[in-house]
Amino acid sequence: MIKSGKNSLAFSYKAGNSFIHKMPPVAKILLIPFVNILVFNLPFEFSLGFLIFQAALAFAIKFTLREQLRDLRPVLYYAVILYVSGFIANLCAALTAEDGTGIWKEALYQSFIITFKNHETFKMLVKLFCVMQSASILFKTSTTLQIREGIGVIETAIRKILPVSKKNTLTDTIALFICFIPMVYKNWQLSKRAWLARGGRSGIKMMKSIFPVFFSVGIKQAYNAARAVAVRRAE
């Protein structure tokens, strides 16, 4: 039997009373992209320090290690794919070398060393972890309504400056796009939990069975959201 009370869904809002929860959504929406731009433009030491800082911040506002790793899982999968593919490529190159080093034991050792000495791959993954951590903190400390209201405030401020219509027309669309990430994760994890609760096992059969449901539910939610936005704009 699956316990649903203790395990929050990935990228889903987690109620709390921390200063990050109380922070105005506008500030978080503006601050997080700005800091992530710095992550990709400043030296690697900044990214590494910011990664550690965000992890400490997440612990301080009562996010467990399991919850943090759950949100970072896409980058973890990506890291595994990068290193495995790099290892295989280096192994093939070592085995087909013409200098007599095409021996399995030596080729495996060389491939392992070359793959994990690739500092550029490691640096890129740290930057991706920073971005994913930032998104996790935003979604876990802000409700969908707060994100929408924050975007609305930003659009209103921009329209006051520019010589354009003062009526917000992009807020709903942008808010829906931003909230698409937690919605997808929620649908997938709920579908997976339902499969496991019925005695199913993780594997290719699970993927084949729950993907059509996951896809159809997502399409229906997107359609209903689009209709709601259209009705609100028409009023």
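The values are calculated or read from the model by the stated rules, or taken from the named source; none is laboratory data. Quick caveat: nothing in here was measured; it's all calculated off a predicted structure. Because the Cβ atoms are built from the backbone with ideal geometry, glycine has one as well, and the counts that use them run over all protein chains shown. Protein only, heavy atoms only, side chains kept; ligands, DNA and RNA dropped before computing areas. Shrake-Rupley method; radii C 1.70, N 1.55, O 1.52, S 1.80 Å.
Table for the structure above
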read-out	value
Net charge of Cβ neighbours under 14 Å - reference N187; Lys, Arg +1; Asp, Glu -1	+4
Cross-link partners of K160 among lysines (Cα-Cα below 22 Å; sequence separation of 8 or more within a chain)	K28
Surface accessible to a 1.4 Å probe, per residue, for the residues of region 88-231, Å²	65
Lysines with Cα under 20 Å of K192, excluding same-chain neighbours fewer than 8 positions away	K3, K6, K205, K208, K220
Unit Cα scatterers, Debye sum, region 131-235: log10 I(q)/I(0) for q = 0.10, 0.15, 0.18 Å⁻¹	-0.42, -0.78, -0.98
Local electrostatic count at V153 - Lys and Arg +1, Asp and Glu -1, tallied over other residues with Cβ under 15 Å	+3
Portion, in percent, of the accessible area of the chain that falls on carbon or sulfur, probe 1.4 Å	70
Gain upon complete extension [I81, I114; 0.36 nm per residue less C-alpha separation]	10.3 nm
DSSP H segments from the chain that extend 15 Å or more along their own axis, Cα-based, with Kyte-Doolittle mean of 1.6 or above	25-41, 44-60
Local net charge near P25, Cβ-Cβ under 12 Å (Lys/Arg +1, Asp/Glu -1)	+2
Relative contact order (%) - criterion: Cα under 8 Å, at least six apart; region: the chain	29
Sequence-distant lysines (8 or more away, or on other chains) whose Cα lies within less than 22 Å of K117	K105, K127
Sorted peptide list for 124-134, 210-220, criterion being average Cβ within 10 angstrom, highest first	124-134, 210-220
